[in-house]
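Let me begin by presenting the structure, written as structure tokens, before commenting on it.
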Amino acid sequence: KLPYHRRPTLAVEYKQIGGFLKSQVFPSAPAFMQQVMEYDGGNLAAVTAAPRGFQSGDRVTWFVLFQNVSGFFVHPVGLELLVDHSSLDVSQWAVSRVFYNGQYFRDMVQLESAYVQGRVSVEKVRKAPWDGDFSSMKPRAPAAALFPLQFEPQGPRYSVRNNHVRFQGWSFALGMSVSSGLRLFDIRHKGERVAYEISVQEALSVYGSNCPAGMSTRYMDRSFGLGRYTSPLVPGVDCPYLATFVDTHALSDSLRPQKRKASLCIFEQNLGSPLRRHYSNLQALYYGGLVNSALVVRSIATVGNYDYVWDFIFYQNGALEGKVQATGYPSSSFLHGDGLRYGNRLWEHTLGTIHTHFVNYKVDLDVGGVTNSLVAHDMAFEVTGAPWSPEQQIERPRLTKKVLDTEDQAAFRLQSKMPRYIYFAANSKNKWGHQRGYRIQITSFAGDHIPEASAMERAISWARYQLAVTRRKEEEPSSTSIYNQNDPWTPTVAFADFINNETITNEDLVAWITAGFLHIPHSEDIPNTVTVGNAVGFLLRPYNYYDLDPSIYSHDGVFFTSEQDFTACEINPLACLPKTASCLPNFPPFTYDGFRNM
């Protein structure tokens with residue numbers, strides 16, 4: 001049973017809060033609102049903080065006010081309001097604290113009184129134009145030569161039927177959870193299942209500031225809806241122009257599902273580098289190589305100020321990558337006092353506040369069957385005498401091996417040292433007598449996790465671990481819950497409870513992977529944040545799973561010797577390009593449905 005106070009905050013409640021501020025709160029400070037805020041009924045935008053209070057049952061939210069212009073997230077005006085909306089009777093709602101430019105007031109009446117008496121330190125913000133001025137994303141340069149485009153000379157080499165996708169040796173089903181976003185099921189390579197489920201679980205941000213909303217913000221975006229806020233995609237920027245675009249549906253804040261047109265895209269991408277290659281200039285003279293062409297499944301969720309680009313990437317060598325890139329606007333506070341302890345100054349009154357990003361994935365691998373074990377391989381140096389010259393010493397690396405038998409052994413703390421090779425091992429062996437496996441390789445630059453002494457830490461305890469492997473249980477489908485955001489003090493799901501030292505040898509196992517990065521906003525985050533350097537995630541790589549690299553069977557391989565006519569099509573497929581890729585496809589007219597049915 002769930003207490004009603006844990007419910008996510010829906011659009012109707014935000015609308016009621018907006019009406020409450022406009023009709024009751026702002027009129028109680030007429031001089032301040034008119035002379036300092038230049039309030040005209042529509043020039044301020046309010047952004048919610050979360051969680052909402054300090055203990056279970058609280059529903060008391062800080063709202064930050066910004067100039068209502070394009071890119072308003074970086075236009076704070078210095079005013080923040082703490083609204084108590086815990087009662088189901090709207091008439092009982094109240095403002096329990098007001099913050100302005102470093103000063104706290106009991107309510108707007110007290111702020112008004114202090115302002116009229118000249119006891120408020122006023123920092124008036126220059127009124128921004130409707131396009132936001134410095135926050136506008138309108139290009140500052142005219143259009144010039146067109147950027148490179150990619151196309152498939154002989155049409156797509158993948159197929160999409162309903163929610164089932166096939167590409168080279170890969171097949172999988174895709175889905176979109178309204179709360180957690182993009183997810184895949186029944187992932188197979190060369191007909192054999194590699195994973196039952198790979199899914200996004202949560203995106204968490206923990207902020208610091210010397211303003212009340214900023215210092216208390218811990219956004220758990222699953223509660224807002226990573227699938228619900230999946231954006232319609234712009235062909236040519238969000239995805240290649242000729243990608244396959246798929247509609248998704250979400251049931252939230254409504255009695256009927258809402259369609260998000262073209263909110264998921266699928267495309268094959270030439271990554272512009274070889275997957276593998278060798279040029280031989282010793283003994284035999286030859287070249288052999290394979291272009292790194294991979295299938296990408298992408299969705300982009302815009303949750304408030306941030307845009308998360310979610311990718312699953314399928315490579316020809318049997319590797320699979322989960323990746324997220326962060327862009328959008330940085331969240332900001334009003335710059336005052338010792339604000340530079342909590343970030344960098346981005347504009348005249350704008351403090352880009354320090355924050356962490358943590359993303360959690362569920363990876364339910366089934367390597368060579370449902371039952372697996374977790375094995376760690378690494379290295380250690382050993383010192384030995386040279387057999388041919390015993391008086392001489394050699395330091396040589398050797399392989400270390402360990403089976404991780406329990407959930408406690410398989411829970412690796414965020415900043416702890418983890419074995420470089422850690423893999424799900426099957427009960428079968430390859431041709432060379434090795435256990436077939438899939439290796440987990442994490443890419444992360446995570447900041448620090450919130451101290452475990454925090455009253456709300458258990459609600460986000462999945463972020464303690466860069467990797468935790470547990471037994472798969474039907475009663476543990478997710479690492480968190482949409483109800484944790486508004487009651488993190490009594491979490492509906494506490495991931496830490498999943499880890500109870502059960503044996504994980506020859507069991508159905510799940511890997512819970514956390515990746516993240518620390519973001520200290522800087523001047524180059526204006527007008528908004530770029531994806532470069534802000535990408536984290538994980539790779540699943542075959543480790544003795546096959547007898548040799550399966551990409552050797554790719555039709556894209558290139559090989560020729562010094563003695564062959566490598567300008568001939570039948571010898572070298574690259575020589576055919578002047579014929580096979582000489583015609584550009586017909587690009588369909590540009591369409592976009594992102595502004596319909598808002």
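Descriptive notes on the structure:
Per-residue answers, yes or no, for (1) within 30 Å of Glu80 (Cβ to Cβ); (2) of a type in the set (Asp, Glu); (3) within 29 Å of the chain's Cα centre (by Cα):
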| site | (1), (2), (3) |
| --- | --- |
| Gly337 | yes, no, no |
| Asn344 | yes, no, yes |
| Glu348 | yes, yes, no |
| Thr356 | yes, no, yes |
| Asn360 | yes, no, yes |
| Gly369 | no, no, no |
| Asn372 | no, no, yes |
| Phe381 | no, no, no |
| Thr384 | no, no, no |
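- For the range 167-183, a tally of residues being free of Cβ contacts under 8 Å to residues at least 24 places away in the same chain and either in a loop (DSSP other than H, G, I, E, B) or polar (S, T, N, Q) (or both) returns 1.
- Single residue of the range 188-214 satisfying the filter (charged (D, E, K, R) and in a strand (DSSP E or B)) that is least open to solvent (accessible area, probe 1.4 Å): Glu202
- Consider the range 161-187 and keep the residues that are of a type in the set (Lys, Arg) and farther than 20 Å from Lys362 by Cα. The one that is most open to solvent (accessible area, probe 1.4 Å) is Arg161.
- Unmet requirement for Pro257, which otherwise passes all of (1) under 26 Å from Arg218 (Cα atoms); (2) in the same structural domain as Ser177 (by the TED database); (3) at pLDDT below 95: (1)
Yes/no matrix, rows are residues, columns are (1) in contact (Cβ under 8 Å) with a residue 60 or more places away in the chain; (2) of a type in the set (Gly, Ala, Ser); (3) open to solvent by 10 Å² or more (accessible area, probe 1.4 Å); (4) in a strand (DSSP E or B):
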site	(1), (2), (3), (4)
Asp253	yes, no, yes, no
Ser273	no, yes, yes, yes
Arg276	yes, no, yes, yes
Gln283	no, no, yes, no
Ala294	no, yes, no, yes
Arg298	yes, no, yes, yes
Gly337	yes, yes, yes, no
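- Strands (runs of 3 or more DSSP E) within the range 393-446 that include 1 or more residues within 17 Å of Val367 (Cα to Cα): 421-429, 435-443
- Residue count for the range 5-34 under the criterion of being open to solvent by 20 Å² or more (accessible area, probe 1.4 Å) and without any contact (Cβ under 8 Å) to a residue 24 or more places away in the chain: the result is 7.
- Residue selected from the range 532-574 under the condition without any contact (Cβ under 8 Å) to a residue 60 or more places away in the chain and under 18 Å from His355 (Cα atoms), by the criterion surrounded by the most Cβ atoms within 10 Å (Cβ to Cβ): Gly533
- Considering residues of the range 479-525 that are in a strand (DSSP E or B) and touching a helix residue (DSSP H, G or I) at 6+ places or on another chain (Cβ under 7 Å) only, the residue surrounded by the fewest Cβ atoms within 10 Å (Cβ to Cβ): Trp512
- Residue within the range 449-458 that is open to solvent by less than 70 Å² (accessible area, probe 1.4 Å), in contact (Cβ under 8 Å) with a residue 24 or more places away in the chain, under 20 Å from Arg541 (Cα atoms) and assigned by the TED database to the domain that holds Ser216 present: no
- The residues in the range 148-165 that are under 28 Å from Gly225 (Cα atoms), without any contact (Cβ under 8 Å) to a residue 24 or more places away in the chain and assigned to a strand (DSSP E or B) can be counted, and the count is 2.
- Residue match in the range 561-580 (condition: closer than 27 Å to Asp366 by Cα, more than 17 Å from the chain's Cα centre (by Cα) and assigned to a loop (DSSP other than H, G, I, E, B)): no
- Here Thr529 does not qualify as surrounded by fewer than 19 Cβ atoms within 10 Å (Cβ to Cβ), farther than 20 Å from Ser416 by Cβ and among the hydroxyl-bearing types (Ser, Thr, Tyr).
- Checked against the criterion of being touching a Gly at 6+ places or on another chain (Cβ under 7 Å) and more than 22 Å from Arg228 (Cβ to Cβ), the candidates Val90, Val77, Val36, Val60 yield just one match: Val60.
- Condition broken by Gly594, with the remaining ones in (1) modelled with pLDDT under 90; (2) open to solvent by less than 100 Å² (accessible area, probe 1.4 Å); (3) not in a loop (DSSP other than H, G, I, E, B) satisfied: (3)
- Restricting the range 314-331 to residues that are at pLDDT 95 or above, of a type outside the set (Phe, Trp, Tyr) and open to solvent by 10 Å² or more (accessible area, probe 1.4 Å) leaves a set whose member that is nearest to Phe73 (Cα to Cα) is Thr327.
- Matching entry among Ile499, Ile552, Ile520 (being in contact with a Gly (Cβ under 7 Å, 6 or more places away or on another chain) and of a type in the set (A, V, I, L, M, F, W, C)): Ile520
- Among the strands (runs of 3 or more DSSP E) confined to the range 343-382, the ones with at least 1 residues that are within 21 Å of Asp408 (Cα to Cα) and assigned by the TED database to the domain that holds Ala468 are located at 355-365.
- Restricting Val246, Val194, Val297 to those that are out of contact with any Phe, Trp or Tyr (no Cβ under 8 Å at 6 or more places or on another chain) and at pLDDT 95 or above reduces the list to Val246.
The values are calculated or read from the model by the stated rules, or taken from the named source; none is laboratory data. Because the structure is a prediction, the values reported are computed rather than measured. Please note: Cβ atoms are built from the backbone with ideal geometry, for glycine as well, and neighbour counts cover all protein chains shown. In case anyone asks, the SASA skips ligands and DNA or RNA and just uses the protein heavy atoms, side chains included. Shrake-Rupley method; radii C 1.70, N 1.55, O 1.52, S 1.80 Å.
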